[in-house]
Amino acid sequence: TLTSLLYSFSPLVWQYATTPEVFALNNLFVSLLLGIYVKVLTAPDDHAALRWTRLGVLCGGIAVGNQHTIVIFLVPIAIDVIFSLRRRLVQTPAELLLWIA
């Protein structure tokens with residue numbers, strides 16, 4: 001998507017991504033999670049949004065294992081996704097428990 005591409009190829013992010021720094025993988029995860037977030041918001045139905053959300057939860061867990069400061073980025077996204085999928089999550093509370101696990 002355009003947003004993740006603009007972030008990925010911005011000069012400052014590109015500078016840190018091409019030098020041997022520990023934050024390059026963190027930048028990859030931010031770009032990946034931002035792209036997944038846009039896919040969740042633009043999904044045609046709740047089923048497709050849940051599939052993208054599961055992928056986002058997996059990537060978010062791996063990203064937190066890499067750099068814990070990504071939590072600052074993940075918390076607002078998680079709140080928005082949970083709020084936008086609240087009707088589906090009320091019908092299947094096991095899905096939310098799967099995300100937390």
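The values are calculated or read from the model by the stated rules, or taken from the named source; none is laboratory data. Note that the structure is a prediction, hence the values are computed from the model and not measured. Here Cβ is always computed from backbone atoms with ideal geometry, including for glycine, and neighbour counts include all displayed protein chains. Side chains are part of the model used for accessible areas, which takes the heavy atoms of the whole protein and leaves out ligands, DNA and RNA. Shrake-Rupley method; radii C 1.70, N 1.55, O 1.52, S 1.80 Å.
Leaving out ligands and nucleic acids, note down the accessible area per residue over the chain with a 1.4 angstrom probe, in whole Å².
About 66 Å² of surface per residue is accessible.
Estimate the FRET efficiency between Leu97 and Leu2 by the formula 1/(1 + (r/R0)^6), using the beta-carbon distance for r and 35 Å for R0, to the nearest 0.05.
Values: r = 34 Å, r/R0 = 0.97.
The pair Leu97/Leu2 has a calculated efficiency of 0.55.
If I take R0 = 30 Å and measure r between the Cβ atoms of Asp80 and Trp14 in this structure, what FRET efficiency does the formula 1/(1 + (r/R0)^6) give, to the nearest 0.05?
Values: r = 27 Å, r/R0 = 0.91.
Once the sixth-power term is evaluated, E becomes 0.65.
Which of the chymotrypsin sites (Phe, Trp or Tyr not before Pro) found in region 1-46 are in a DSSP loop and have at most 15 neighbouring Cβ atoms, other than their own, within 10 Å?
Filter output for region 1-46: Phe9, Phe23.
Pick from Thr53, Thr69, Thr19 the residue whose mean-square fluctuation is largest in a GNM of the chain, springs joining Cα atoms under 10 Å.
The residue that fluctuates most here is Thr19.
Let's see if you can work this out: charge +1 on each Lys and Arg Cβ, -1 on each Asp and Glu Cβ, no other charges. What is the dipole magnitude of the chain about its Cα centre, in debye to the nearest 20?
Values: 6 positive and 5 negative charges, 44 e Å.
Roughly 220 debye, rounded to the nearest 20.
Angle between the Cα long axis of helix 71-84 and the longest principal axis of the chain, 0 to 90 degrees, nearest 10?
With both axes taken from Cα atoms, the answer is about 30 degrees.
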